Number of protein chains: 4
Amino acid sequence: MVVVMKTSAAQQDVDYVINRARSLGLRAHISQENGHTLIGLLGDVRALDSTVLSGLRGVQRVVSLQQPFRLVSREFKPDDTVIPLNGCQVGGNQVIVMAGPCSVEGRDELMEVAWAVKEAGAHLLRGGAFKPRTSPYSFQGFGEEGLKMLADARKETGLHIVTEVMAPEQVPLVSRYADILQMGTRNMQNYALLHAVGESGMPVLLKRGMMSTIEELLMSAEYILSHGNHNVMLCERGIRTFETYTRNTLDINAVPVLKELTHLPVIVDPSHATGRSSLVRSVSRAAVAAGADGLIIEVHQDPENAVSDGYQSLTPAEFAELMEEVGAISEVLGRSICA
Amino acid sequence: MVVVMKTSAAQQDVDYVINRARSLGLRAHISQENGHTLIGLLGDVRALDSTVLSGLRGVQRVVSLQQPFRLVSREFKPDDTVIPLNGCQVGGNQVIVMAGPCSVEGRDELMEVAWAVKEAGAHLLRGGAFKPRTSPYSFQGFGEEGLKMLADARKETGLHIVTEVMAPEQVPLVSRYADILQMGTRNMQNYALLHAVGESGMPVLLKRGMMSTIEELLMSAEYILSHGNHNVMLCERGIRTFETYTRNTLDINAVPVLKELTHLPVIVDPSHATGRSSLVRSVSRAAVAAGADGLIIEVHQDPENAVSDGYQSLTPAEFAELMEEVGAISEVLGRSICA
Amino acid sequence: MVVVMKTSAAQQDVDYVINRARSLGLRAHISQENGHTLIGLLGDVRALDSTVLSGLRGVQRVVSLQQPFRLVSREFKPDDTVIPLNGCQVGGNQVIVMAGPCSVEGRDELMEVAWAVKEAGAHLLRGGAFKPRTSPYSFQGFGEEGLKMLADARKETGLHIVTEVMAPEQVPLVSRYADILQMGTRNMQNYALLHAVGESGMPVLLKRGMMSTIEELLMSAEYILSHGNHNVMLCERGIRTFETYTRNTLDINAVPVLKELTHLPVIVDPSHATGRSSLVRSVSRAAVAAGADGLIIEVHQDPENAVSDGYQSLTPAEFAELMEEVGAISEVLGRSICA
Amino acid sequence: MVVVMKTSAAQQDVDYVINRARSLGLRAHISQENGHTLIGLLGDVRALDSTVLSGLRGVQRVVSLQQPFRLVSREFKPDDTVIPLNGCQVGGNQVIVMAGPCSVEGRDELMEVAWAVKEAGAHLLRGGAFKPRTSPYSFQGFGEEGLKMLADARKETGLHIVTEVMAPEQVPLVSRYADILQMGTRNMQNYALLHAVGESGMPVLLKRGMMSTIEELLMSAEYILSHGNHNVMLCERGIRTFETYTRNTLDINAVPVLKELTHLPVIVDPSHATGRSSLVRSVSRAAVAAGADGLIIEVHQDPENAVSDGYQSLTPAEFAELMEEVGAISEVLGRSICA
């Protein structure tokens, strides 16, 4: 960390910064640059909030030389984290596909779509039992009843289950039924939940907040890893921008950026990232071409009658076409869909 | 709600929408417009997720005629909600000011700043005991110990206390010590927390998500009211935009917009909205001039040594100047600072 | 266009809207919807600014049923526009690649990079002679001198030339030397320039404004087509968002959205969309996988010594690898790089 | 400027940067920081594009210590620039108000609204003769005919005229009729126009691009000043964000930020910043309370029949109320409306 002083800073301002740094257990190294005094701080500055220093008198700017995350970084662990899931290697050479309805809507409906996505080549079944809804008057999910249906679908089809957990006290319950705990976009910085999920040791699908930076996503993952759980998959699911034609804007740049910065697997959610079923196929191809380790796709046997998100759900037939195309692109890049 | 069909929609598409609407207990009214069939839906459509219909074949667009919120709306309750707080009337003719440090840092420090903000005219003391921090390695607050210090400060100074609650299970604890429960910007759509806070019956300061629309803020407030708690204050604290010179962008438009749409009081947080102490005074004046019912300001007796957010904290002397100016502007507008 | 009246609207408000619509040459059709009066407007409403009506007393909302653009729309012209360029068919089954330096920096340097990109399979040479620069103190380009170097490079290599035009009065000059006129992101709504470029009849590469919506991009293209010039290629080059890790955020969704809405070819610029050379290859693959008709890539024989944009320029060797990968993905999708 | 090298940088990478810097006429100063080599560059780096260096091998980051603008900065000229306009001092102790219709719609209409805003206390008349319109099918303004009407209105009422210029070749024409040249939000980075306006010597109202940072606004102003024209007023008119309830989001923070960074006067446009007439009064109060040197307001004698922007135009009566309120707030702050 380097503290750049203003050209107008007085010697006592410089001394104050140095003393403050020492009181935090850091050593200081001084140099001069074009009228600016630069104070380099030596020691463990990872836990140091830069605003502690940027508010001091005479300080122009504080420049961090180190990334604020550690456990999730490529520097800490250069090799890809590979998470074994139902016979697949997520984060390795395989591309994994999770598919299923937005909400669990009933046992028969779930079983039907589970068999359909399995047949098309999906490896995990997604489906919401606890649903975060903007309106208190919307359907909030079947809760534990829905979890049981998901567990039954696993028993019948062999597909593993990914489903959302919304509160710390739900973690033990959801962990009994699911294989992967999903943390939703609105909960990316729910620290109590990150803590609970971190302690669960369960594989986690951590969705990027719809207006969170890549660095913030990595800091939230750092919470989970710092509680001892290294089985974290990051999920780019579209960010909020000024463009309103699509529900969100898929940040495709984030895929190669994350692969550079972290060893964790990167999954893309083209359904929420576009919000329109007609765009899902093109964008799924793009995600795999950019280097994503997997996809999570909303599929419904009858999107026109879906309880939620029908607008962005594929039919099983459309999903099967998608699987063919992303399979072909995976091969071109020397990878394969885990089947 | 009006469903606009594409010009290319077939009669069976139209029939399908009508049947679907009827299955949801709604009646349909058909008209023609420039080649488009328009299907008006009559009945209680408040809980109806428009995506249920927008995904149907032949549908071009679904137009909501009603606002998705009800209890928080001016239409439901035309008169301002006035929340009595320590002898003040929040949301009425008075302007209320909450002030104090970002974090509770120790008993003596808290007492000193509490007396200072009281002397300058503040009516509530803010201060974090549970701190949401981007980094797991940053100071996370004193927890219950901090709450006790806040309660002591109330006993000594008579200032009421506003402090953040971060998880549903903390609600009873925080309610024992605080007068207002603050829900932070990262938790605006933490539905489990909204539920718990709604059932507590405590006055709530609900901060707008830094990435949330005005409508989403109102929907989150609707959650709290729908659980029987009408003592909600909305807080505009700056939104995230492309501008990086300031920490956030204060959405000053939101003040009069909220006063039009809802009967709930509107508080502004210029400290987080700017992130720079040198801007807080100007922006506080603007907030009151725009019609805000109150301010929440970070004040620290020694900002240069603050554990967090020192960059945006005022000294007691700066805060006193601010109080004079916002007092004068309040009077011009026929209001007064509650003292 | 449908005008939705407030439930509180008086009969005279309704009459006023109807009379106003008639004065604009439109007919009105009235219906009732859940307490709201709906006024459908029949006639040519394309040129009608909806704010003319949305300001009237008693009006809640004005809903456009028609897209504001016409000539560029798929409805107007269902078949893809194919622009013949130097033996390639842009917008058809071929994928076209334009490559070259950010700025023309000198005759020898240009010739070297021109031969290098040609060898790797590029079909057009890009390079700026007039440079829009944020700072008045930065290098502003060689002007006509640079244009002459580009024309010489064409003569030697056979590559066609795409270069930027910044003002209406430059159009004749640039047209003498270039094969495609590029309109830059900061000029997307420079209407005088759109007019001049429209009248030139030259092929145009129209870059999306970095904070313009897809609809605004299409409206700017509509300007050019409405002046008789149908040879327009649209270019997605990244939009401005809150994410600062990359220079811009590539809106990959825009590729399939544009292919749905318009018949015009869609080109992607991964260099500006990422701002980091290490990301360009991944994102180029994604663009072609999503259905782009072409790419425009910054290549420099010595990026470390580039006058501008070196940070995002590929070396010829990196560019050659990129060409192989996008070639393979094109083939999977039944297309081919035009060579 | 400081170049921070990666910890993995080789000595030859460091040498390369140093040699490159020397070739640009700069001297280099080396220091070590926690494993990073820091290279400070001494000399005139204002014109140096930092991407020239950030692309070099081994470079982690380039940190600018100097602001990229000079002539517009407070450091260059600590005292406020005061522009004399029709007997007022813009940028001094007075607050100036410009008002009038969005477009000039006809001689009689213009005269009526001119007298109305003059009576309410406005000092300049705004009105568009050349109109930038998103659609080529919308009314594009009366052109020179409209300019003549504006000049006549000045002769009759004594109000000075501010009107938009859209292309370099229009500058002499508009300068013949207007007192202030307005550069619109879509042209903030139209460098050919900035050049022409800079050479005109006329007072300029430079609107912030709806997608431009504060720094970019200042860089565009720097263009004008660097061509010898120091009579520039900056105009905050709302930026584009994810919030869609209002047309734009007024960046109220920008007012005190600009007053800190530059000596140029700051004007606020609440009409475009909100897009709703019901919000204009509140937001105008806020702008003046935040320290703006003036306002530009859309007023129309019959907003319901305005050709454009009726939705955000005030009636003369509403405008008169606004003037009283902003007058009272100005006085509280020790300023006065120029009358």
- DSSP beta bridges in chain B, what fraction antiparallel, as a percent rounded to 5? 40
- Item | Low-density loop cleavage sites - chymotrypsin sites (Phe, Trp or Tyr not before Pro) in the stretch B:31-140, where at most 14 other Cβ are within 10 Å (DSSP) | B:76
- Message: Under 10 Å, Cα contacts only: if you run a Gaussian network model on chain D, which one of D:305, D:248, D:93 comes out with the highest mean-square fluctuation?
- Response: D:305
- Query: Are there cysteines in chain D with no second cysteine's Cβ under 4.7 Å away, and if so, which?
  - Reply: D:102, D:235
- Message: What are the membrane-span-like helices in chain B by this rule: whole DSSP H runs, Cα extent along the axis at least 15 Å, mean Kyte-Doolittle hydropathy at least -1.0?
- Response: B:107-119, B:214-226, B:277-290, B:316-332
- Message: Can you divide the C-alpha Rg of the stretch C:219-339 by 2.2 N^0.38 Å and report the result to two decimal places?
- Response: 1.11
- Pop a pseudo-label 7 angstrom from the Cα along the beta-carbon direction at both residue B:317 and residue D:6 and give the gap in nm to one decimal. 4.9
- Item | Two-site label geometry, residue B:42 and residue B:76: point separation in nm, points 7 Å out along Cα→Cβ | 2.5
- Note on the structure: Under the helix-only model (-39500 (n - 2.57) for each DSSP H run of 4 or more, divided by the residues of the protein assembly as shown), the mean residue ellipticity at 222 nm, to 500 deg cm²/dmol, is -10500 deg cm²/dmol
- Message: Per-residue Cβ counts within 10 Å, from other chains only, averaged over A:61-69: what number is that?
- Response: 4
- Stokes-Einstein D for the stretch D:85-181 (25 °C, 0.890 mPa s, Kirkwood Rh from Cα pairs), in µm²/s, comes to 180
- Message: If you average the C-alpha positions of the stretch C:260-295 and of the stretch A:194-212 separately, how far apart do those two centres end up, in angstrom?
- Response: 31
- Would you mind telling me which residue in C:18, C:296, C:83 has the biggest mean-square fluctuation in a Gaussian network model of chain C, where springs connect alpha carbons within a distance under 10 angstrom? C:18
- Item | Rounded to 5, percent antiparallel among DSSP beta bridges of the protein assembly as shown | 40
- Which distances, shortest first and in nm, link residue D:76 to the matching position in the other copies, using label points set 7 Å out along Cα to C-beta? 4.4, 4.6, 5.5
- With the contact rule set at Cα under 8 Å and sequence spacing of 6 or more, what percent relative contact order holds for chain A? 16
- Sorted from shortest, what are the nm distances separating the label point of residue B:148 from equivalent points in the other copies, each placed 7 Å from Cα along Cα to C-beta? 4.5, 8.5, 8.5
- Item | residue C:89/residue D:64 FRET efficiency (R0 35 Å; Cβ-Cβ; nearest 0.05) | 0.15
- Message: Before I look further, what does chain A give for accessible area per residue, probe 1.4 Å, in whole square angstrom?
- Response: 32
- Per residue convex hull volume, Cα atoms of the stretch A:120-252, in Å³: 133
- Give the relative contact order (percent, whole number) for the stretch B:124-280; include only Cα pairs under 8 Å separated by 6+ residues. 15
- In chain C the accessible area split gives carbon plus sulfur, as whole percent at 1.4 Å, a share of 47
- Specify the inter-centroid distance of the stretch A:159-181 and the stretch A:16-40, based on alpha-carbon positions, in whole Å. 48
- Taking max minus min of the Cα coordinates of the stretch A:267-336 on each principal axis, largest first, gives extents in Å of 39, 21, 15
- Message: Using a Gaussian network model on chain B with a 10 Å cutoff between Cα atoms, which of B:65, B:124, B:314 fluctuates the most?
- Response: B:65
- Message: Buried by at least 50 Å² relative to the chain on its own: which residues of the stretch B:286-333 qualify, computing accessible area with a 1.4 Å probe on protein heavy atoms?
- Response: B:289, B:304, B:305, B:311, B:332
- Query: Buried accessible area for the C:B pair, summed, 1.4 Å probe, in Å² rounded to 100?
  - Reply: 1800
- Note on the structure: At R0 = 25 Å the Cβ-Cβ FRET efficiency linking residue D:278 and residue D:139, nearest 0.05, sits at 0.50
- Query: In straight Cα distance, which lysines are under 28 Å from residue C:155, not counting same-chain residues fewer than 8 positions off?
  - Reply: C:118, C:131, C:207
- Nitroxide proxy distance, nm - points 7 Å out along Cα→Cβ at residue B:151 and residue A:112: 5.7
- Message: Please enumerate, by chain and number, the aspartates and glutamates with C-alpha under 16 Å from the C-alpha of residue D:77, excluding those fewer than 8 residues away in the same chain.
- Response: D:222, D:260
- Does the protein assembly as shown classify as rounded, prolate or oblate by the C-alpha gyration tensor (a ≥ b ≥ c root eigenvalues; a/c under 1.5 gives rounded; else a/b over b/c gives prolate, otherwise oblate)? rounded
- Which three lengths, in whole Å and largest first, does the stretch C:1-133 cover when its Cα atoms are put on their principal axes? 75, 36, 27
- Task: Please give the average number of partner chain Cβ atoms lying within 10 Å of the Cβ of each residue in B:183-190, rounded to a whole number.
- Result: 5
- Note on the structure: Shortest first and in nm, the label-point separations between residue B:228 and its counterparts in the other identical copies (7 Å out along Cα→Cβ) come to 3.9, 7.5, 7.8
- Send over the per residue convex hull volume for chain B, Cα only, as a whole number of Å³. 157
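The values are calculated or read from the model by the stated rules, or taken from the named source; none is laboratory data. Bear in mind that the values here come from a model prediction, so they are computed numbers and not experimental data. Positions of Cβ are backbone-derived with ideal geometry, glycine not excepted, and every protein chain shown enters the neighbour counts. When the accessible area is computed, the model is the full protein with side chains, heavy atoms only, and any ligands, DNA or RNA have been set aside. Shrake-Rupley method; radii C 1.70, N 1.55, O 1.52, S 1.80 Å.
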